[in-house]
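S.K.: Here it is: the structure, laid out below.
The values are calculated or read from the model by the stated rules, or taken from the named source; none is laboratory data. Note that the structure is a prediction, hence the values are computed from the model and not measured. Methodologically, a virtual Cβ is constructed for each residue, glycine included, from the backbone with ideal geometry; neighbour enumeration extends over all protein chains shown. Please note that ligands, DNA and RNA were not included when accessible areas were found on the heavy atoms of the full protein model with its side chains. Shrake-Rupley method; radii C 1.70, N 1.55, O 1.52, S 1.80 Å.
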Amino acid sequence: MRKNVIYLLAGQLWKDAFRSKVMLIASVLIGVLLFFSAYSGWENYHDQNDTRGSMQHEVQESWENNPDKHPHRMAHYGSFAFRVKHILSVFDLGMENFVGNAVFLEAHKQNTVNFSEASMSTGLLRFGEVSMAMLLKIIVPLLIFYLGFNTIAQERENGTLKLLIGQGIGRKEIVFGKWLGLWSLSMIFLMAVFLVLLFFVVLKSHGGLSGDSLYRYLVLLVSYLLFFAILCAITILVSAFSKTAKGALIKLLGIWLLFVIIVPKSLQAMGYYLYPTPSKIEMETAVEHDLIELGDSHNPDDPHFKALKDSVLLANKVDDVADLPFNYGGFVMAKGEALSAAVYQKHQRQLYWVYGKQNNVERYSAFVNPYTAIKNLSMAFSGTDFQSFLHFKGQAEVYRYKLAQEMNRLQMDLIPNKGKAGPDTISSDYWKSFPPFEYDSLSIPEVFKNELTSLMALLLWGILAIFGLLRLSSNLKAI
């Protein structure tokens, strides 16, 4: 292949595109949408993180300002954990507005994450939000299809294709020249979005680039470069195998509808049908049933914990809990906390398994729909996917459990048993020494592990795109 001929054909496609008013109108429209999505995304990120950060600070101050009291009362006083948004959520909102951002942490109970944006907004939010990722996943692909539907089909209709081949230009040069021209046109919009995103990432890092944000940014950039390359290849292939340009346009619009709307929505509904999830009431009832079977750590006459008391007394060779070398109430609360946490974890694992099965119905469709692959990768590396939400919930539970068990340990060590002389409260310095909750995003290796299927699917689509263009180069019909 002659590179100069490929560049010449790509340049010709550019000239034809910019002669059309469609390119001008599309550029202005996407520019306006980019400005709006970037502004609203940054404002949302900035305001939400400021609010959540200040609330987390207030919660910690309230916790530390508690007076001297019994540690078990502090365990029930509890705290809050707030989920901080990742800077790349400015790019792709993902599930950000539909999952909660705060959870109340208390002893003996795991609460749900509440206060999602969707729950506090009008129903219009459910139609979707304008984000920079939405432009690249939905609007620009439609524009690529429109700019490229006639690249080969119309030239065949006009007889130009036969003329080009007759002048000694190879079929491979024509195919890859058209593809390069269309792909480079799409880079205008891609680079505009990622330059704006880079500005926000640098702004958040105060003039520098953090390793996590930079790696995520680069993966997103490479993923979208490959996604657009695949879309451009599909456009050239459909145009080449269509008898007319009009037929190519209709086919490409059908492909867009299938990729973006019909297949994802249908598979989401299918996933829920195949793997239904229990309602909140059903879930809470099942948890409560298991907790009742375990016994009540607050009830001294409960059979399970009475047997526990007898074994503790026997192990320590005493006849009464008052003679134990530690506070028996704190010991029982610690055991009860461990048992109840295990029950909650068991039911949550079962629920997450169902969610995973539901998501996999659509996830594996990435091998037949590149839009699914880029959607999952975009959300994952922007920190707005379901796995990021579960990661936050997991960190909040670890913190809750440590807090409750620390209060139980303080009761065991510092509060005397009933009937023994000693204080019934401890110093508030112990509350102040307990570290505040801090959320850390999923690590890059964990994100890669979670999205291995999507990565493999996108790479496979890239290989198929190259193979398709090479096959087309040898089978391109001039008439």
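S.K.: Looking at K357, K306, which one is modelled with pLDDT under 90 and of a type in the set (K, R)? Steps first, answer last, please.
M.R.: Numbers: K357 fails: modelled with pLDDT under 90.
Just one listed residue meets the conditions, K306.
S.K.: Got a number for residues in the range 321-339 being open to solvent by less than 60 Å² (accessible area, probe 1.4 Å) and under 45 Å from the mean Cα position of the chain (by Cα)? If you could, list the steps in order and put the result at the bottom.
M.R.: From the range 321-339, those open to solvent by less than 60 Å² (accessible area, probe 1.4 Å) are 321-322, 324, 326-334, 336-339; that's our starting set.
So of that shortlist, the ones also under 45 Å from the mean Cα position of the chain (by Cα) come out as 327-334, 336-339.
Adding up the residues that qualify gives 12.
S.K.: Among what's in the range 170-179 and is surrounded by fewer than 21 Cβ atoms within 10 Å (Cβ to Cβ) and touching a helix residue (DSSP H, G or I) at 6+ places or on another chain (Cβ under 6 Å), pick the residue that is farthest from C232 (Cα to Cα).
M.R.: First, pick out the residues of the range 170-179 that are surrounded by fewer than 21 Cβ atoms within 10 Å (Cβ to Cβ): 170-172.
Narrowing further to those that are touching a helix residue (DSSP H, G or I) at 6+ places or on another chain (Cβ under 6 Å): 171-172.
Values: R171: 17, K172: 15 Å.
The extreme case among them is R171.
S.K.: Checking the structure you have, find out if any residue of the range 400-411 is within 25 Å of S54 (Cα to Cα) and either touching a Leu at 6+ places or on another chain (Cβ under 6 Å) or among the polar types (S, T, N, Q) (or both).
M.R.: Among the residues of the range 400-411, at least one is within 25 Å of S54 (Cα to Cα) and either touching a Leu at 6+ places or on another chain (Cβ under 6 Å) or among the polar types (S, T, N, Q) (or both), which makes the answer yes.
S.K.: Another question, if that's okay. Taking the condition closer than 30 Å to F434 by Cβ and either free of Cβ contacts under 8 Å to residues at least 12 places away in the same chain or more than 25 Å from the chain's Cα centre (by Cα) (or both), does S27 pass?
M.R.: Working: closer than 30 Å to F434 by Cβ: no; either free of Cβ contacts under 8 Å to residues at least 12 places away in the same chain or more than 25 Å from the chain's Cα centre (by Cα) (or both): yes.
No, not satisfied.
S.K.: So, of the residues in the range 363-376 that are among the polar types (S, T, N, Q) and farther than 14 Å from G94 by Cα, which turns out to be surrounded by the most Cβ atoms within 10 Å (Cβ to Cβ)? Write out each step before concluding.
M.R.: As a first pass, look at the range 363-376 and keep what is among the polar types (S, T, N, Q): 365, 369, 372, 376.
Then keep just the ones that are farther than 14 Å from G94 by Cα; that gives 365, 369.
Values: S365: 18, N369: 22.
In this case the residue turns out to be N369.
S.K.: Right, another one. Scan (1) over 30 Å from L476 (Cβ atoms); (2) in contact with a Phe, Trp or Tyr (Cβ under 9 Å, 6 or more places away or on another chain); (3) buried (at least 17 other Cβ atoms within 10 Å of the Cβ) for the single condition D212 breaks and write down its number.
M.R.: Every condition holds for D212 apart from (2).
S.K.: Enumerate the pairs (first residue in the range 200-211 and among the small types (G, A, S); second residue anywhere and open to solvent by less than 70 Å² (accessible area, probe 1.4 Å) and modelled with pLDDT of 85 or more) with beta-carbon separation below 9 Å, excluding pairs fewer than 6 apart on the same chain, so at least 6 apart or on different chains.
M.R.: Partner pairs satisfying both residue conditions: S205/I87; S205/S213; S205/L214; G208/V202; S210/I87; S210/V201; G211/I444.
S.K.: Give just the number: which of (1) open to solvent by 60 Å² or more (accessible area, probe 1.4 Å); (2) part of a loop (DSSP other than H, G, I, E, B) does V318 not satisfy?
M.R.: (1) is the only condition that V318 fails.
S.K.: Taking helices (runs of 4 or more DSSP H) that fall entirely within the range 1-112, which contain at least 2 residues that are within 30 Å of T235 (Cα to Cα) and open to solvent by less than 70 Å² (accessible area, probe 1.4 Å)?
M.R.: Numbers: elements: 3-19, 21-64, 71-77.
Result: 3-19, 21-64.
S.K.: Read through the list (1) in contact (Cβ under 8 Å) with a residue 60 or more places away in the chain; (2) out of contact with any helix residue (DSSP H, G or I) (no Cβ under 6 Å at 6 or more places or on another chain), then give the number of the only condition that I261 fails.
M.R.: Unmet condition: (1).
S.K.: How about the range 251-306: which of its residues are touching a Ser or Thr at 6+ places or on another chain (Cβ under 9 Å) and among the aromatic types (F, W, Y)?
M.R.: Of everything in the range 251-306, those that are touching a Ser or Thr at 6+ places or on another chain (Cβ under 9 Å) and among the aromatic types (F, W, Y) turn out to be F259, F305.
S.K.: Another question, if that's okay. Spot the failing condition for Q350; the list is (1) in contact (Cβ under 8 Å) with a residue 40 or more places away in the chain; (2) within 42 Å of the chain's Cα centre (by Cα); (3) surrounded by fewer than 20 Cβ atoms within 10 Å (Cβ to Cβ), and only one is missed.
M.R.: (1)
S.K.: From the set of residues in the range 113-136 that are open to solvent by 50 Å² or more (accessible area, probe 1.4 Å), within 18 Å of the chain's Cα centre (by Cα) and under 29 Å from V59 (Cα atoms), which is modelled with the highest pLDDT?
M.R.: N114
S.K.: So G166 clears everything in (1) more than 21 Å from the chain's Cα centre (by Cα); (2) surrounded by fewer than 17 Cβ atoms within 10 Å (Cβ to Cβ); (3) at pLDDT 90 or above except one condition, right? Which one?
M.R.: Status for G166: all satisfied but (3).
S.K.: Determine which single condition K243 fails, assuming it passes every other condition in (1) modelled with pLDDT of 90 or more; (2) surrounded by fewer than 19 Cβ atoms within 10 Å (Cβ to Cβ); (3) of a type in the set (K, R).
M.R.: (1)
S.K.: Can you say whether D440 is among the charged types (D, E, K, R) and more than 30 Å from D320 (Cα to Cα), as far as the supplied structure shows?
M.R.: Numbers: among the charged types (D, E, K, R): yes; more than 30 Å from D320 (Cα to Cα): yes.
The answer is yes for D440.
S.K.: If T285 passes every condition in (1) of a type in the set (S, T, Y); (2) more than 29 Å from R471 (Cα to Cα); (3) buried (at least 16 other Cβ atoms within 10 Å of the Cβ) but one, which one does it miss?
M.R.: Unmet condition: (3).
S.K.: For the range 137-163, name all the residues that are under 30 Å from L221 (Cβ atoms) and over 43 Å from the mean Cα position of the chain (by Cα). Quick ask: steps written out before the conclusion?
M.R.: Narrowing the range 137-163 to residues under 30 Å from L221 (Cβ atoms): 137-152.
None; the set is empty.
S.K.: Oh, and also: Report yes if some residue within the range 214-228 is free of Cβ contacts under 8 Å to residues at least 12 places away in the same chain and either farther than 23 Å from N376 by Cα or in contact with a strand residue (DSSP E or B) (Cβ under 8 Å, 6 or more places away or on another chain) (or both); otherwise report no.
M.R.: The initial filter retains those residues of the range 214-228 that are free of Cβ contacts under 8 Å to residues at least 12 places away in the same chain, namely 218, 222.
Still in the list and also either farther than 23 Å from N376 by Cα or in contact with a strand residue (DSSP E or B) (Cβ under 8 Å, 6 or more places away or on another chain) (or both): none.
The answer is no, given that none of the residues of the range 214-228 is free of Cβ contacts under 8 Å to residues at least 12 places away in the same chain and either farther than 23 Å from N376 by Cα or in contact with a strand residue (DSSP E or B) (Cβ under 8 Å, 6 or more places away or on another chain) (or both).
S.K.: Could I ask something else about it? What are the residue pairs meeting all of these: first residue in the range 290-303, first residue at positive phi, second residue in a loop (DSSP other than H, G, I, E, B) and at pLDDT 75 or above, Cβ atoms under 8 Å, and 6 or more apart or on different chains?
M.R.: Correct list of pairs: G295/D302.
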